[in-house]
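Chemist: My structure is below; once you've seen it, I'll send some questions.
The values are calculated or read from the model by the stated rules, or taken from the named source; none is laboratory data. The structure displayed is predicted, hence computed values, not measured ones. Cβ sites come from the backbone with ideal geometry, for glycine too, and all protein chains shown count toward neighbours.
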Amino acid sequence: MVTMIQYISGTLTFKTPVLAIIETMGIGWELKIPISTYEKLPTAGKPCKLLTYLHISQDDIRIFGFATEAERELFVMLNKVGGIGPKIALSILSTLSIPTFIKAVNSGEEGLLTRVPGIGKKSAQRLIVELKDDVHKLLNHIDQKELQIGDVSSEVESALLSLGFNLHQIRKELALMDESMQKLNTEELIKEIIKRIYQRNK
């Protein structure tokens with residue numbers, strides 16, 4: 001894997017949870033993206049800038065796009081782990097928030113990692129062993145306020161996943177948190193999000 005194109009900036013012409021097309025100077029660039037990036041994209045027709053990573057293999061050339069440097073850095077880390085290629089790396093980014101992933105690796109929580117499609121027990125163990133000394137580097141790309149919110153969000157996310165709630169619903173409610181919700185402790189926030197999920201499903 002090599003980095004040759006640092007970012008692409010232009011007009012977002014199309015998006016799905018797995019890809020985005022950005023047009024710049026008459027060229028439409030197709031970028032493979034994780035759901036975490038999709039959730040941060042503007043509506044089609046709006047200006048858009050994504051950090052990129054160019055993947056070259058014997059029979060394929062693909063560009064991956066990321067909304068933040070932390071996402072791109074984690075993607076690079078994951079691809080250095082044996083048995084974890086671009087597809088599973090995107091799956092991890094799409095399933096777990098970065099603070100949740102850091103917590104899972106540092107705490108050795110195999111069960112949380114195996115919630116990711118494509119990750120079995122052996123792969124989870126390998127991720128923990130090979131990344132435990134490196135995941136702290138991701139903190140350089142997360143500001144303190146985001147990290148504090150992320151720590152709480154990762155606890156809430158883990159708790160609600162264990163209760164069987166859908167990850168997309170959880171992340172949607174976390175993304176909609178207002179200032180009053182950010183002042184709640186973890187237990188209160190879990191209860192509030194459960195209440196909101198049930199209200200939306202009525």
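Chemist: Residues that are under 16 Å from the mean Cα position of the chain (by Cα) and either surrounded by 17 or more Cβ atoms within 10 Å (Cβ to Cβ) or not in a helix (DSSP H, G or I) (or both): does the range 55-63 have at least one?
Modeler: Of the residues in the range 55-63, the ones under 16 Å from the mean Cα position of the chain (by Cα) are none.
No: the range 55-63 contains no residue that is under 16 Å from the mean Cα position of the chain (by Cα) and either surrounded by 17 or more Cβ atoms within 10 Å (Cβ to Cβ) or not in a helix (DSSP H, G or I) (or both).
Chemist: Right, another one. For Leu31, only one of the following conditions fails: (1) under 15 Å from the mean Cα position of the chain (by Cα); (2) closer than 29 Å to Leu176 by Cα; (3) of a type in the set (A, V, I, L, M, F, W, C); (4) surrounded by 15 or more Cβ atoms within 10 Å (Cβ to Cβ). What is its number?
Modeler: Only one criterion is unmet by Leu31, namely (1).
Residues are listed down the side, and each one gets a yes or a no for (1) of a type outside the set (S, T, N, Q); (2) part of a helix (DSSP H, G or I); (3) modelled with pLDDT of 75 or more; (4) farther than 21 Å from Arg72 by Cα:
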{"residue": "Leu147", "(1), (2), (3), (4)": "yes, yes, no, no"}
{"residue": "Ser154", "(1), (2), (3), (4)": "no, yes, no, no"}
{"residue": "Ser158", "(1), (2), (3), (4)": "no, yes, yes, yes"}
{"residue": "Phe165", "(1), (2), (3), (4)": "yes, no, yes, yes"}
{"residue": "Gln169", "(1), (2), (3), (4)": "no, yes, yes, yes"}
{"residue": "Glu173", "(1), (2), (3), (4)": "yes, yes, yes, yes"}
{"residue": "Met177", "(1), (2), (3), (4)": "yes, no, no, yes"}
{"residue": "Leu184", "(1), (2), (3), (4)": "yes, no, yes, yes"}
{"residue": "Leu189", "(1), (2), (3), (4)": "yes, yes, yes, yes"}
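Chemist: Are any residues in the range 4-23 assigned to a strand (DSSP E or B) and either free of Cβ contacts under 8 Å to residues at least 12 places away in the same chain or not β-branched (Val, Ile, Thr) (or both), and if so, which ones?
Modeler: Tyr7, Ser9, Gly10, Leu12, Phe14, Lys15, Leu19, Ala20, Ile21, Glu23
Chemist: Oh, and also: Only one of Ile33, Ile8, Ile61 is in contact with a strand residue (DSSP E or B) (Cβ under 8 Å, 6 or more places away or on another chain), modelled with pLDDT of 95 or more and farther than 28 Å from Asp133 by Cα; which?
Modeler: After applying the criteria, what remains is Ile8.
Chemist: Among the residues of the range 134-145 satisfying the criterion of being farther than 21 Å from Gly111 by Cα and modelled with pLDDT of 75 or more, which is nearest to the chain's Cα centre (by Cα)?
Modeler: If we take residues in the range 134-145 being farther than 21 Å from Gly111 by Cα and modelled with pLDDT of 75 or more, then Leu138 is nearest to the chain's Cα centre (by Cα).
Chemist: Something else about it: For the range 34-48, name all the residues that are surrounded by 14 or more Cβ atoms within 10 Å (Cβ to Cβ) and part of a strand (DSSP E or B). Spell out how you get there, then give the answer.
Modeler: Quick first cut of the range 34-48, residues surrounded by 14 or more Cβ atoms within 10 Å (Cβ to Cβ) only: 34-41, 48.
Selection gives Cys48 alone.
Chemist: Suppose we filter Ile84, Ile98 for residues that are aliphatic (A, V, I, L, M), over 21 Å from Arg171 (Cβ atoms), touching a residue at least 40 places away in the same chain (Cβ under 8 Å) and crowded, with 19+ Cβ neighbours inside 10 Å; which single one remains? Reasoning before the result, please.
Modeler: Values: Ile98 fails: over 21 Å from Arg171 (Cβ atoms).
Residue meeting the stated conditions: Ile84.
Chemist: Among the helices (runs of 4 or more DSSP H) lying completely within the range 69-111, list those that include at least 1 residues that are under 17 Å from Lys32 (Cβ atoms) and not assigned by TED's automatic domain parsing to the domain that holds Leu31.
Modeler: Hits in the range 69-111: 69-79, 86-95.
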